[in-house]
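Throughout, read-outs are computed from the coordinates displayed, never taken from laboratory work. Please read all numbers here as calculations on a predicted model, not as lab measurements. Reconstructed Cβ throughout: ideal geometry from the backbone, glycine too, with neighbour counts over all protein chains shown.
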Amino acid sequence: MMIIVCGLNAVQDLVDTHSVGRVVSLLGPETPHHNFRGIAADQHLKLTFHDVVEMMDGFSAPRATDAEKLIEFIEDWDRANPLLIHCWAGISRSTASAYTALCMLRPKADEEELAYELRAASPSASPNRLIISYTDALLGRNGRMSRAIEKIGRGENAFEGKPFILRL
């Protein structure tokens, strides 16, 4: 099975092309969430927060409850059809969520190896460290996820990430 990661503008084409069954949308409060043709409401997780890694005046940071919802949604995925995860640009919030899914769905894999797999799939991936810190704690990874993401560092500069696929 596969996880597809992209920016907002590529979602519908990828849903259609790959017969996607579930979608995770991670958008800022100023960006309305879209409904995608072929995706039932209960198969679409819509999370709303800015792409920030600390609490800042005027911005909505990701919260632990957002990470809990993400983990629950991934746990409920039957893997019959691909999961698509997107944010505005497909670089930070979505790659943090995809890395979380990799760690969940391959529980015996080394977090650092999974982080390098993410980097190989997307040179521009710069996973949101706050999301990673929440999911790391919730999954009982004792900081290993956060350290692995720190190790791969920030991705290449890009206005928008190229869509990519992670195979499970």
### Query
Which lysines does LYS108 reach when only Cα atoms under 26 Å apart count, and residues fewer than 8 places away in its own chain are ignored?
LYS69, LYS151
#### Entry: Answer label for mean projected area of the Cα convex hull in nm² (calculated), chosen among (1) 10.6; (2) 10.0; (3) 8.8
(3)
### Task
Quote the relative contact order of the chain in percent (integer), defining contacts as alpha-carbon pairs under 8 Å separated by 6+ residues.
31 percent
### Query
If we sort 75-83, 51-59, 24-32 on the protection proxy, mean other Cβ atoms within 10 Å, highest first, what's the order?
24-32, 75-83, 51-59
### Query
What does the helix-only formula give at 222 nm for the chain: each DSSP H stretch with n ≥ 4 adding -39500 (n - 2.57), the total divided by the residues, and the result rounded to the nearest 500 deg cm²/dmol?
-11000 deg cm²/dmol
### Message
With just the Cα atoms defining each centre, how far is segment 107-138 from segment 34-90? Give it in Å.
### Response
16 Å
### Task
Based on the mean of other Cβ atoms within 10 Å per residue, sort peptides 7-15, 129-137 so the most packed one is first.
129-137, 7-15
